[in-house]
Each structure stands twice: as structure tokens, then as C-alpha cells.
Amino acid sequence: MVRKEISKMDGEGKESSAYGYRPKLVWETGVHKYLSQAYGSVQFDAICEALTRPCIDSTLRVNTLQASTQEVMEQLCKHLGADRQCSSSSPKFDVVDGAEGSVHLPVSDSGEGGCPKPEKAPGFSCSEHSLLKDVIMVRGRGPCEVDCGVEPDKPVKEVVVSRKCAEAVLRGANVFVPGVLACSLHVEKGDTVAVTVAVERPDENGGWSVGITRGTTLESEHALSQMGASSRSDHFIGVGRMSMSRTALFRESKGVAVEMSRRIFDLPPFHSVLAGRIFLQNLPSIVAVRVLDPKSGERILDMCAAPGGKTTAIGILMKNQGEIVALDRSHNKVLDIKRLADEMKLTCIQAYKLDATKCVDKELGMVMSADAPSQSEYTSSSNPVSTSSLSLYEVKAAARKEARKMKNRLASESVATQRIKGLQRQSFDRVLLDAPCSALGLRPRLFAGEETLESLRQHSCYQRKLFDQAVQLVRPGGILVYSTCTMNPGENEGVVRYALDTYDDLSLLPQEPRIGGPGLVGGRDVFDGMSCKEWLREGEEHLVQRFSPSESYDTIGFFIAKFAVA
């Protein structure tokens, strides 16, 4: 894969390494070795390169029950033309053929002194997908050459943000107050600032840390070097204008801190745009529902449905005729599914709170209760796990879990959610199992060190539990679709191998539409830290779809398998 780095030009036209977008994805050592062995080092390096960048094409699914694709296209083009701020220079693109396909790289159009020649940026382009007629593709731009825009001999004022905040900015968001870690001294409202990101790195305790605490002041070159400036200089994501002073920034708890004006990746925002008529969704997720091929009048189960994107896509393809049962074990996420269904005016969706690993009721079938969950479900354990032996990430994960429990408890006091004790066996025509996973295919991603070989194994075990439930719920002659958004073969091809070897009445089916590539064959010689597992066998690889971020279709990493139940 050929790559061009983006660097800042100094006043004499010489290239400077002070700011640029040159992130290198960091993995836990064992996981890096495992995935390099699974894909080959060249292909894995290309995947890592692609994961650090957002998808240039935004994919919008049209609610065809409310409007036609052409109507939405016209409204969308008008919106983008009216609201777009043409503030960044326009990159030109060359297509470079690499080992993993074609990539678009910016070509510098230099003026005097080697500085990029400014020109007005063209509007975003909208087009109908060639195979999916209810899908609109909106093309953004990037990586773009962005100058910090400061006067010569004046220091650059800088804002350092967290990794999660930076990943949102790369997808088109502004910088919000909770995401800011540090900034230069004497930053005032209206100042132009360079936005960089502090990414986790190994610490002295054998874990990971960013090395910066919230509220830090960037005062000097010495201070910058002490806090990893050499690393942050490779994580410049754009320029923005301060919406508040430094004093207010670390006093407030919410609000926009920096309004981005020029970005390394220029993608249009779609928040609250044509609500109920469009849904921003990754292309492979749309394909997974098309592969399920739901029909009007059928009874369909979406086992892990939140936030409801695939659930509503199923309802639209069914023309709101039939029954969709959507499950999630979180009270608030069930409410999210219901809100989205209401927004899209879909009445065929019934969302329930239920743990999908225990959803088959062998005796009672489906029994519903409209009572809110009991308080005891949300109280913390009387024997909490000691945090002394846990890593920083495990401690934070436990804290987030407790916060979610409290949030669910507060919500349950005001809103009742229908719950079910179980689902009757062989009661669904089709089942979609979009399983919770390690999410290693999501992009942009600036850090991946939180996953270990043990955590990947746990994901795979959890998915097999879900699959064991799913296969019991499909009627004979029905369809089961399994999907994930991870690049881990153990959670993809490994689960397919488990399914085919465990259940004699299952068989893989060809998929339509087919946009992704083949699956991985073999796996016996790839050590995942626990044991050597087998993936697909010869002839099976073309019956699944694997979406790789490094391929020319520019999507997240994703996997889809379709099974027939005899």
C-alpha cells in the first residue's frame, strides 16, 4: 500500500514534521502477532493503515415507506449545498494501485514557496448505489492538506483531545468539552487552534495511559516533550475556532469547545438531517439485512437489535407488514429501538428486554410483562470484585458498567418496558444474529491495545452461546444470518466452523447482493493464544462475505454468513 504523509510547510517552503496525520495503530503484542499470522504481515499492515482513517463515503439508507430515493436525493443535495462551509483547500486525487486495491491519495498543488495553492472546495457529491437502489452514497474528501493558519514566527495554539473525541471528529463532529484534555496557555474564545489527539501508550505499570490529565496547560516545548508531543505531532486532525476561553473550558461540563473549520478528513454531518427519512448506516450492515431477505407477513427475530438500525431496515423491506421481535438486555437500549421505530413510523416492530443468551423458553413460549424491571436487577453486587488486581481498562469497564446500571434504574422508574421470559422454539421464519463482538473492524480507530488474546477468546465463546440460542428459534426451512463488525477470524470463520460442525441441519447459502470478498480458509496453523482452530474449508469461502477496510470498497471491517435450517 502506497502512502503519502501530510506535513506542514514552514515559511520557506520546507517540509516540517511538527504537525501531520501519521498515526500508527497500536495493538497488544499477542494480538498483533496473531492477526499478522492470520492475514499475512503485508495485508495486515494495509488493514491497520485503513483502520486509522474514516470511510470517505457516507452511506444513507432511505426510508422508502416515507419518501422515494430521488426525493431524498434532491432534499439532501439542497441541504448540503446550503449548509456547507467551503473553508478548506480542495485536495486533488491520484489513484494508486496497491496490493490491497486502489486508494485515493492527495496530490499537492503548490504555489510559491511550496505552500498548497488555495482554491474553493467543491460541494459533496451524492449518488445512488449501483446495486442498492434505496441507498445514497455521499462522498467526502481526505486526507486533505490542512495548514495551521497562524502567522509566521507565532507559536501555534493547541488543544489536545482524547482518542474517543478525535475519532468522532474524524467522522465529522466538533470537539465537545468532555473530550478536551489540555490546551495552550492564554487561549481565548474565537482563537484559532490546532487540534491534536493524545493516544494511549505503554506505561510503567505494564498498562496503557495517555500521559496527560484533564486540565493540563501546554506552556513550553519542554512541557510538550514531557507529555508525548512527538507522538501527538503525528495525530493532527484539523484546525478549529475556540467556542470558549480556557478558563471556561475546564469549568464547564458540556457544550462545544472547538468548532472545527478545516479537517484532515472532510465529511458532512447528518445529525437531525431528514429525520425519519434517512438513516446513516455502514454499508455492510445494510447488506446483512438484504442477505436476510425478509418478506412481508413473516415473523422475524433480531436478537441483538440495539440501536435498531437493522431492525428498522427489516421493517422497511417487509413494507411494515408482518412481525419483528427485537431484543436487547438493556432497558435504555430497548427504548432507543422503540424511538427509532416510531421516528420511521414502523408499527411492525415489538422491542423487548431479554438476555439473548437465555432467550429460548422450552416450556412457556413467549410470556410478556409490562412491568418495569425490579430495583434488584440494577443494584450492585454485594461482593464486588477487588480492583487491586485489575488493569486500568478493566477498572474503567467496571465503572462504566455500574454507571449503566444506575442509568437504567433511573430510566425504569419513569418508563415501563415490556419484558419477556422467553421465546418459543422454532417460532421464527428468519433470525438475524448481529452479534456483540470485539469491533476490530470499526473505523476510524487510533488505538486497539485494549483487546487481548483472552478477551478475543471470550468474545468467541459468547457468540457461540448466542448462536446456540438462535438456531433453536428458526423454524425448519427458515434462514439464520450471522454477522459481526470485527476482523478477528475466531469470531467470524471460527464461529461458522463451530456452527457447521455442531448442527447437522445447518448449511451455508450463497448471498445476494454480494459486495464483500471471500472468507478465510484454513486456520489450523494460526495460534490464537489458546488453541489452534479451524476456519473455513475449501469451497466454503465464497459462501460468506468478508469486508476488509483495506479493499477498494472503503467500508468498515465486517463479516456475514447465511445459513439454511433443514
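Quick note: the coordinates plus some simple rules give every number you see, no bench work behind them. The structure displayed is predicted, hence computed values, not measured ones. Methodologically, a virtual Cβ is constructed for each residue, glycine included, from the backbone with ideal geometry; neighbour enumeration extends over all protein chains shown.
For a Förster distance of 41 Å, can you work out the FRET efficiency between the beta-carbons of Ala566 and Ser41, rounded to the nearest 0.05?
Computed FRET efficiency for Ala566 and Ser41 comes out at 0.50.
Once both labels are modelled 7 Å past Cα along the beta-carbon direction, what's the Arg299-Asp525 spacing in nm?
For the pair Arg299/Asp525, the computed spacing is 4.9 nm.
Treating the beta-carbon of each Lys and Arg as +1 and of each Asp and Glu as -1, no other charges, what is the dipole magnitude of the range 446-486 about its Cα centre, to the nearest 20 debye?
In debye, rounded to 20, the range 446-486 gives about 280.
Assign one of three labels to the range 500-566, namely rounded, prolate or oblate, based on the Cα gyration tensor with a ≥ b ≥ c the square roots of its eigenvalues; rounded applies when a/c is under 1.5, prolate when it is not and a/b is larger than b/c, and oblate otherwise.
Note, shape of the range 500-566 comes out oblate.
Report for the range 429-566 the percent antiparallel among DSSP-assigned beta bridges with both residues inside it, nearest 5.
Counting only bridges with both partners in the range 429-566, antiparallel ones make up about 70 percent.
As an exercise, use a Förster radius of 41 Å and the Cβ-Cβ distance of Glu74 and Lys33 to find the FRET efficiency, rounded to the nearest 0.05.
Efficiency for this residue pair is about 0.20.
Over the range 237-340, one equal point on each Cα, no solvent: what is log10 I(q)/I(0) by the Debye formula at q = 0.14, 0.23 Å⁻¹?
-0.74, -1.21
Going by average Cβ density within 10 Å per residue, which order do the peptides 483-496, 274-287, 514-527 take, highest to lowest?
So the order, starting with the most tightly packed, is 483-496, 274-287, 514-527.
Using 0.36 nm times the number of residues separating Glu188 and Glu343, minus their current alpha carbon distance, what extension gain do you get?
Answer, rounded to one decimal: 51.8 nm.
Could I have the simple spin-label model distance between Thr247 and Ser209, label points 7 Å from Cα toward Cβ, reported in nm to one decimal?
Each label point is offset 7 Å from its Cα along the Cβ direction, giving 3.1 nm.
Starting from the Cα-Cα distance between Asp501 and Leu280, subtract it from 0.36 nm times their residue separation and give me the gain in nm to one decimal.
75.9 nm
To the nearest 20 debye, what is the magnitude of the charge dipole of the range 448-526 about its Cα centre, counting +1 on the Cβ of each Lys and Arg and -1 on the Cβ of each Asp and Glu?
Taking the Cα centre of the range 448-526 as origin, the dipole is about 160 debye.
Using alpha carbon centroids, what distance separates the range 312-332 and the range 134-202, in Å?
If we compute the Cα centre of each part, the gap is 38 Å.
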